[in-house]
Amino acid sequence: MGLIVILFFFGLAGGIVARTKGNSFLLWFTISFVVPFLGLIAAALYRSDSRELRRQCPGCGRVVKLHDAVCTRCGEELEFPSVAIASEVATARQRTA
Ligand SMILES: [Zn+2]
């Protein structure tokens, strides 16, 4: 019985950590509940790609993550850009507003 309570709090902690980072509470609650220690660590380390800034490849026009050094489509080497495209989350907010 005590173990269930401990697992529940691990799940809760993982879920809250994930929620503050913009990830799914329920998903990370479940992961932290099933694999308590690793799940909680993963929730703390996991970052949502959709929040990252993006930029456009000058070679093929594909939108890639800001931190990518090489284009994932054409292999063009990418300088760190002076202009970034808003993250997917920010773009989605603008659309719904
Ligand atoms: Zn490219």
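The values are calculated or read from the model by the stated rules, or taken from the named source; none is laboratory data. In this text, all values refer to a predicted model and were calculated from it rather than measured experimentally. Here Cβ is always computed from backbone atoms with ideal geometry, including for glycine, and neighbour counts include all displayed protein chains.
I'd like to verify a number: residues in the stretch 28-58 that are out of contact with any helix residue (DSSP H, G or I) (no Cβ under 7 Å at 6 or more places or on another chain), among the hydrophobic types (A, V, I, L, M, F, W, C) and modelled with pLDDT of 85 or more, how many?
5
If we keep just the residues of the stretch 60-80 that are of a type in the set (D, E, K, R) and more than 8 Å from the ligand (Cβ to nearest atom), which is modelled with the lowest pLDDT?
Within the stretch 60-80, the match that is modelled with the lowest pLDDT is Glu79.
Being in contact (Cβ under 8 Å) with a residue 12 or more places away in the chain, buried (at least 16 other Cβ atoms within 10 Å of the Cβ), in contact with a Ser or Thr (Cβ under 9 Å, 6 or more places away or on another chain) and basic (Lys, Arg), is that true of even one residue in the stretch 47-56?
Scanning the stretch 47-56 turns up at least one residue that is in contact (Cβ under 8 Å) with a residue 12 or more places away in the chain, buried (at least 16 other Cβ atoms within 10 Å of the Cβ), in contact with a Ser or Thr (Cβ under 9 Å, 6 or more places away or on another chain) and basic (Lys, Arg).
Out of all the residues in the stretch 59-69, is one or more farther than 21 Å from Thr91 by Cβ, outside the structural domain of Phe8 (by TED's automatic domain parsing) and of a type in the set (A, V, I, L, M)?
Yes, because at least one residue in the stretch 59-69 is farther than 21 Å from Thr91 by Cβ, outside the structural domain of Phe8 (by TED's automatic domain parsing) and of a type in the set (A, V, I, L, M).
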